[in-house]
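Engineer: Here it is, the structure in full.
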Amino acid sequence: MRRLVLAAALSAGLISSAHAVEGMWQPAQLPSIAATLKQHGLKLDPNTLTDLTAYPMGAIVSLGGCTASFVSPQGLVVTNHHCAYGALQYNSTPQKNLIVDGFLAKTHAEELPGDPNMRVFVTEEIRDVTKDITGKLTDTMSGAERHKAIEQATKAQVKACEIEGYRCDVYTFHGGYSYQLIRQLEIKDVRVVYAPPESIGKFGGDVDNWMWPRHTGDFSYLRAYVSKDGKSAPYAKDNVPYQPKHVLKLNPQGLEEGDYVMVTGYPGRTNRYRLADEVQSAIDWTYPTQIKVYEDTLDIINTAGKADPKAAVKYASMVASLNNYLKNFGGQLEGLRRADAVAVKRTQEAQLETWLKQQGGADNQALVADIGKLRQAIEEEKTTRERTLDIGLVTRSAMLGNALRLVRLSKERAKPDMERDASYQQRNEVRIEGALTQMERRYDPTVDQQLLVYGLKRYLALPKAQRLPALDAWLGDAANDAQIAQKVAALYAGSQFGNVDERLKWFKADSKAIEASNDSLLKLAVALQPQLQKVEDEQDARAGAMSKLRPRYMQAMIAWKDAQHLPVYPDANSSLRVTFGNVQGVAPRDGVNYAPFTTAQGIVEKATGKEPFNAPQAELAAIKAKAFDGYASKKLGTLPVDFLADLDITGGNSGSPALDAEGRLVGLAFDGNWESVSGDWLFNPALNRSIQVDVRYMLWVMHHLDHADNLLREMGVPAASSK
Ligand code: ARG
């Protein structure tokens, strides 16, 4: 295909000032943009990047929400500090706080198990199954029927694919325009090996988050374990390190300005093909509402945490995540307004429709009509969005949420496996068990109760017709904070759910036993479950209707772009993607020009001694003495810390390896600049930058400050010349 529009515009000498190539490409798409990849400096044959079981793709793994990569034949995995944050929190107490202090296992025996639901996924195969999923769909199906048919076909594909130790899942692309079956090795024993202290790993904290210039050492190491016979197995003391087929080579020299760089990883969600009405609703309702809810939630947790250090540790991971999103939502609002995103999308839609009409033909007219229907469906979704949010807030209570999960599981278990709701099939029971087991370490009764009270208060403001009779009946005439709090306190007092053995006992129980239970939480959950099921069924029917309309829009979009010779990459959907570009700075505002690298000097400039700018004394002293042990950049004349590149990443890419032109590790992506936040909706090549921690800073911190030379040796990094 003719994909040279962009490539032709780039002359080799101009690459460092060239604009980004927007796109989170599927590995299989790369050969079709081979010329552009070459223009930007890729030395590898793009075809090698399509083989998931070859170097380097075979070394890239998903942590389910973050990305990572194998860096030693003994299953050593490198990712971001903020991706191991939960595992550090899981192993922390106020007395021994691994987030604050950092952690280094000098031997395998010292490594710490993560929570039972922690995973390393290695993608081995991606196969198109669109025909298998959509083959039996008909135009006359209702939304509910359509949803069911897609779910059944999906379950059949998964069942045919999955074998012991592997996970198969069907991923939806372009809202249902195509479906792909992805097979991943699932490693279930993941341990913490090394993390620098928070004063390095999260230096700058939430003040610097989503910002440049940045000086964060956002990296850490985990290790994947399997059973003695090399199979995927849950944590067991005598499991052995997994031996990956491919391990990333390191380039300890790192990159300089203008160099080619690519990031391979698992971006979670983007909204690049949403309609103008959806952008408008995100601006008017979604982000402002979420901001309020997240602020209130943080208030509750932080107040409790001040009074009780134990609670602070238990919610440390949740607080970090809430703060990260909170700032992100603010950035979305600011960015969408600045870019006039609604108007841009409206213009685009109008152009698309004009083009369709110009093409003529009944098919194109039908597409125009379906886009109209999509707009209607989007409008209808608004009527229940507050209810969806409030139910989510009520059921996010660890206690009530888990009780509801158990009630549902007991009902689903009564059905044949293929008839069960997908999340409750046998293959997922271990996840539910894991959630029940690990609850303690992220739960405090006072906080959990207050969060539930908060959710209930919001829920009570819903119109009567949208409320759940069973919940109303239980609430009785409780209306204000104190009355609701009293109800909730009684609910918790009458339950044994705070006890893990009790929860696991109910995990094994059948629905009869659960329905006969006297536990106050189970009783409420039993009463609520059928009504929540009704809500879920309604949502499924909506999703079914959408799964017909959204692909029609995408069909039109793809045809339109194709007519302009523009390749179309799908919105992020947690599947493996590649983004490529060059190391380069950015000019975000008039008169402001940011350099592509930050250096060790900046750490000294920012250091205040107070969190989050409390760089360790040893680090400050080493920087002042220029004790960079040979890791400094010759070009910069000092130690690089973080760098910018014009790469297209989003949440989920965290921990992704940044690779040089030959596919060697030169850093880890961990964030984007402020202007890139709203890039989830509308990518602006002039302003969008990804932020990576530089491999030279990682190696220097490991060697000079944390004495993790055992890991450097393991990765085969040549001993640094201690200057
Ligand atoms: N913004 C980063 C991301 O979403 C997370 C950074 C974590 N650090 C922090 N200060 N909250 O991938």
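Engineer: For residues in segment 379-402 being more than 18 Å from L436 (Cα to Cα) and aliphatic (A, V, I, L, M), which is surrounded by the most Cβ atoms within 10 Å (Cβ to Cβ)?
Structural biologist: Once the filter is applied, the top-ranked residue is I391.
Engineer: List the number of the failed condition for V578; all other conditions in (1) away from the ligand (no atom under 16 Å from the Cβ); (2) in a loop (DSSP other than H, G, I, E, B); (3) in contact (Cβ under 8 Å) with a residue 12 or more places away in the chain; (4) not charged (D, E, K, R) hold.
Structural biologist: Of everything listed in (1) away from the ligand (no atom under 16 Å from the Cβ); (2) in a loop (DSSP other than H, G, I, E, B); (3) in contact (Cβ under 8 Å) with a residue 12 or more places away in the chain; (4) not charged (D, E, K, R), V578 misses just condition (2).
Engineer: Any residue that is assigned to a strand (DSSP E or B), touching a residue at least 24 places away in the same chain (Cβ under 8 Å), over 29 Å from T50 (Cβ atoms) and within 16 Å of the ligand (Cβ to nearest atom) - is there at least one of those in segment 211-228?
Structural biologist: Residues of segment 211-228 assigned to a strand (DSSP E or B): 220-226.
Now narrow it down to the ones that are touching a residue at least 24 places away in the same chain (Cβ under 8 Å): 220-226.
Of the ones still in play, those that are also over 29 Å from T50 (Cβ atoms) are 220, 225.
Restricting the remaining residues to those that are within 16 Å of the ligand (Cβ to nearest atom) gives 220.
Yes, because at least one residue in segment 211-228 is assigned to a strand (DSSP E or B), touching a residue at least 24 places away in the same chain (Cβ under 8 Å), over 29 Å from T50 (Cβ atoms) and within 16 Å of the ligand (Cβ to nearest atom).
Engineer: In addition: So which residues in segment 299-308 are aliphatic (A, V, I, L, M) and over 15 Å from G455 (Cβ atoms), if there are any at all?
Structural biologist: Of all residues in segment 299-308, those aliphatic (A, V, I, L, M) come to 300-301, 304, 307.
Once the filter is applied, which keeps residues that are aliphatic (A, V, I, L, M) and over 15 Å from G455 (Cβ atoms), segment 299-308 yields A304, A307.
Engineer: When only residues in segment 449-486 that are crowded, with 16+ Cβ neighbours inside 10 Å, in a loop (DSSP other than H, G, I, E, B) and hydrophobic (A, V, I, L, M, F, W, C) count, which is farthest from the chain's Cα centre (by Cα)?
Structural biologist: Top of the filtered list is A478.
Engineer: Still on this model: Given the criterion farther than 30 Å from R713 by Cβ and either among the aliphatic types (A, V, I, L, M) or within 16 Å of the ligand (Cβ to nearest atom) (or both), identify the matching residue among A84, A153, A105. Walk me through how you get there before you give the answer.
Structural biologist: Details: A84 fails: farther than 30 Å from R713 by Cβ; A105 fails: farther than 30 Å from R713 by Cβ.
Answer to the selection: A153.
Engineer: Further question: Does segment 505-518 hold any residues that are in contact with a Ser or Thr (Cβ under 7 Å, 6 or more places away or on another chain) and part of a helix (DSSP H, G or I), and which are they? Outline the logic, then answer.
Structural biologist: First, the residues of segment 505-518 that are in contact with a Ser or Thr (Cβ under 7 Å, 6 or more places away or on another chain): 509-511, 514.
Listed by number, the residues that qualify are S511, I514.
Engineer: State whether one or more residues within segment 176-195 are surrounded by 24 or more Cβ atoms within 10 Å (Cβ to Cβ), within 16 Å of the ligand (Cβ to nearest atom) and outside any strand (DSSP E or B).
Structural biologist: Within segment 176-195, not a single residue is surrounded by 24 or more Cβ atoms within 10 Å (Cβ to Cβ), within 16 Å of the ligand (Cβ to nearest atom) and outside any strand (DSSP E or B).
Engineer: Restricting to segment 35-91, name every residue that is crowded, with 19+ Cβ neighbours inside 10 Å and among the small types (G, A, S).
Structural biologist: Passing the criteria: G41, G58, A59, S62, A68, S69, S72, G75, A84, G86, A87.
Engineer: Do the conditions hold for D128, that is, is it at pLDDT 95 or above, under 30 Å from M557 (Cβ atoms) and not aromatic (F, W, Y)?
Structural biologist: Working: at pLDDT 95 or above: yes; under 30 Å from M557 (Cβ atoms): yes; not aromatic (F, W, Y): yes.
Answer is yes for this residue.
Engineer: A further question follows. Does segment 67-120 hold any residues that are on the phi > 0 side of the Ramachandran plot and either touching a Lys or Arg at 6+ places or on another chain (Cβ under 6 Å) or charged (D, E, K, R) (or both), and which are they? I'd like the intermediate steps shown before the answer.
Structural biologist: So the first thing to find is which residues in segment 67-120 are on the phi > 0 side of the Ramachandran plot, and the list is 75, 102.
If the condition is that a residue be on the phi > 0 side of the Ramachandran plot and either touching a Lys or Arg at 6+ places or on another chain (Cβ under 6 Å) or charged (D, E, K, R) (or both), then G75 is the only one that fits.
Engineer: Here is a further query. For segment 302-332: of the residues being among the hydrophobic types (A, V, I, L, M, F, W, C) and away from the ligand (no atom under 15 Å from the Cβ), which is surrounded by the fewest Cβ atoms within 10 Å (Cβ to Cβ)?
Structural biologist: Of all residues in segment 302-332, those among the hydrophobic types (A, V, I, L, M, F, W, C) come to 304, 307, 311-313, 316, 318-320, 322, 326, 329.
From the residues that got through so far, the ones that are away from the ligand (no atom under 15 Å from the Cβ) too are 304, 307, 311-313.
Numbers: A304: 20, A307: 9, A311: 22, A312: 19, V313: 24.
Going through the qualifying residues, I end up with A307.
Engineer: Within segment 351-362, can you find the residues that are loosely packed, with under 12 Cβ neighbours inside 10 Å and closer than 23 Å to K548 by Cβ?
Structural biologist: Across segment 351-362, the qualifying residues are G361, A362.
Engineer: Take Q157 and tell me if it is of a type in the set (S, T, N, Q) and farther than 30 Å from A377 by Cβ. Step through it out loud before you land on a result.
Structural biologist: Working: of a type in the set (S, T, N, Q): yes; farther than 30 Å from A377 by Cβ: no.
Spelling it out, it is not the case that Q157 is of a type in the set (S, T, N, Q) and farther than 30 Å from A377 by Cβ.
Engineer: Among the residues of segment 236-251, is any farther than 29 Å from E662 by Cα and out of contact with any Lys or Arg (no Cβ under 8 Å at 6 or more places or on another chain)? Walk me through it before giving the result.
Structural biologist: Applying the first criterion (farther than 29 Å from E662 by Cα) to segment 236-251 yields 236-240.
Restricting the remaining residues to those that are out of contact with any Lys or Arg (no Cβ under 8 Å at 6 or more places or on another chain) gives 236-237.
Within segment 236-251, one or more residues are farther than 29 Å from E662 by Cα and out of contact with any Lys or Arg (no Cβ under 8 Å at 6 or more places or on another chain).
Engineer: Another question, if that's okay. Can you confirm whether segment 700-708 contains a residue that is assigned to a loop (DSSP other than H, G, I, E, B), touching a strand residue (DSSP E or B) at 6+ places or on another chain (Cβ under 9 Å), surrounded by 17 or more Cβ atoms within 10 Å (Cβ to Cβ) and modelled with pLDDT of 95 or more? So that I can check it myself, show each step before the final result.
Structural biologist: Filtering segment 700-708 down to residues assigned to a loop (DSSP other than H, G, I, E, B) leaves 706-708.
From what is left, the residues that are touching a strand residue (DSSP E or B) at 6+ places or on another chain (Cβ under 9 Å) are 706-708.
With surrounded by 17 or more Cβ atoms within 10 Å (Cβ to Cβ) added as a condition, the list becomes 706, 708.
Subset that is modelled with pLDDT of 95 or more: 706, 708.
Among the residues of segment 700-708, at least one is assigned to a loop (DSSP other than H, G, I, E, B), touching a strand residue (DSSP E or B) at 6+ places or on another chain (Cβ under 9 Å), surrounded by 17 or more Cβ atoms within 10 Å (Cβ to Cβ) and modelled with pLDDT of 95 or more, which makes the answer yes.
Engineer: Kindly list the number of the only condition in (1) surrounded by 17 or more Cβ atoms within 10 Å (Cβ to Cβ); (2) in a helix (DSSP H, G or I) that fails for T289.
Structural biologist: It fails just one condition, (1).
Engineer: Can you name the condition, by its number, that G361 falls short on among (1) of a type outside the set (S, T, N, Q); (2) within 24 Å of N271 (Cβ to Cβ); (3) away from the ligand (no atom under 16 Å from the Cβ)?
Structural biologist: (2)
Engineer: Quick check on this structure: which one of R664, R689 is basic (K, R), away from the ligand (no atom under 16 Å from the Cβ) and touching a residue at least 60 places away in the same chain (Cβ under 8 Å)? Quick ask: steps written out before the conclusion?
Structural biologist: On the way: R689 fails: away from the ligand (no atom under 16 Å from the Cβ).
Checking each option against the conditions leaves just R664.
The values are calculated or read from the model by the stated rules, or taken from the named source; none is laboratory data. Just so it is clear, the structure is predicted and the values come from calculations on it, not from any experiment. Cβ coordinates were reconstructed from backbone atoms using ideal geometry, including for glycine residues, and neighbour counts include every protein chain displayed.
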